[in-house]
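Single-structure report; data block below.
The values are calculated or read from the model by the stated rules, or taken from the named source; none is laboratory data. Only a predicted model underlies this, so the values are computations on that prediction, with no experimental measurement involved. Cβ sites come from the backbone with ideal geometry, for glycine too, and all protein chains shown count toward neighbours. SASA here: full protein model, heavy atoms, side chains in, ligands and nucleic acids out. Shrake-Rupley method; radii C 1.70, N 1.55, O 1.52, S 1.80 Å.
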Amino acid sequence: TGDCRTPEMPVEVARAGQFPGDPPVEVENGATLRQFDEPIAEDCVTHPVTPGECGLALSKETEGEFYYGEEGTYVFEVCNVGDGACTDPIAVEDDLPTGLSFVDVSGAGWTASASGGVVTVTNDTYGALAPGDCIEFEMTVDVAPPGEGPEEVENCAALFHDGDLADE
């Protein structure tokens, strides 16, 4: 008498969206302690199961060097750094600096519009972006000829998820 043992049983929990009903849901887990095949104790615990949060991050790099009078390419990557899936529309807004002008965008599901040097690139057909997954697109720009633009440019962009600012 007096000895206690605490068994541990790790379990894998499915994503909230895989449980029946609308999140948040609750899961009840019961256990029965048996001795000589006879139940001697029972216990139950109820756990809430809530969906994780979508968390988007934006990175932007150049693909090679930019040269006066030629095209240059930016590569954008949108990653889900959260612990829940992202499903709402994504938009990247890029205010091109003097000396650069928009040419085209490429990447699955991405479309673009440009107005007054501001390029808005959207994707509302990507499905769900799971935690750790990324999608990317390339944006081609024209670089002004020598003397028509600065020697160096800083180009920043903002990421929006379902209309809300997610990253800059």
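Candidates (i) 17.9, 56; (ii) 14.4, 42; (iii) 25.8, 91; which is the computed Rg and Dmax of the Cα atoms in Å?
Computed from these coordinates, Rg and Dmax of the Cα atoms in Å corresponds to label (iii).
Rg/Rh for the range 105-168 to two decimals, with Rh computed the Kirkwood way over all alpha-carbon pairs.
1.03
Explain nothing, just compute: Karplus ³J(HN,Hα) = 6.51 cos²θ - 1.76 cosθ + 1.60, θ = phi - 60°, for every residue of the range 54-70 in order, whole Hz, x for Gly and Pro.
Once rounded to whole Hz, the list reads 6, x, 9, 10, 10, 10, 9, 10, 8, 9, x, 7, 9, 10, 3, x, 10.
Local charge sum around Glu28 (other residues, Cβ-Cβ under 15 Å, Lys/Arg +1, Asp/Glu -1)?
Within the 15 Å Cβ shell, the charges total -3.
Roughly how far apart, in whole Å, are the Cα centres of the range 69-88 and the range 99-168?
Measuring centre to centre over Cα atoms gives 9 Å.
Which are the unpartnered cysteines of the chain, meaning those with no other cysteine Cβ under 4.7 Å from their Cβ?
Result for the chain is Cys4, Cys44, Cys156, no neighbouring Cys Cβ within the cutoff.
Leaving out ligands, DNA and RNA, what percent of the accessible area of the range 98-168 is carbon and sulfur, probe 1.4 Å?
44 percent
Can you send over the carbon and sulfur percentage of the accessible area for the range 49-96, probe radius 1.4 Å, protein chains only?
43 percent
So, for the chain, what is the accessible surface per residue at a probe of 1.4 Å, expressed in square angstrom?
I get 68 Å² per residue for this part.
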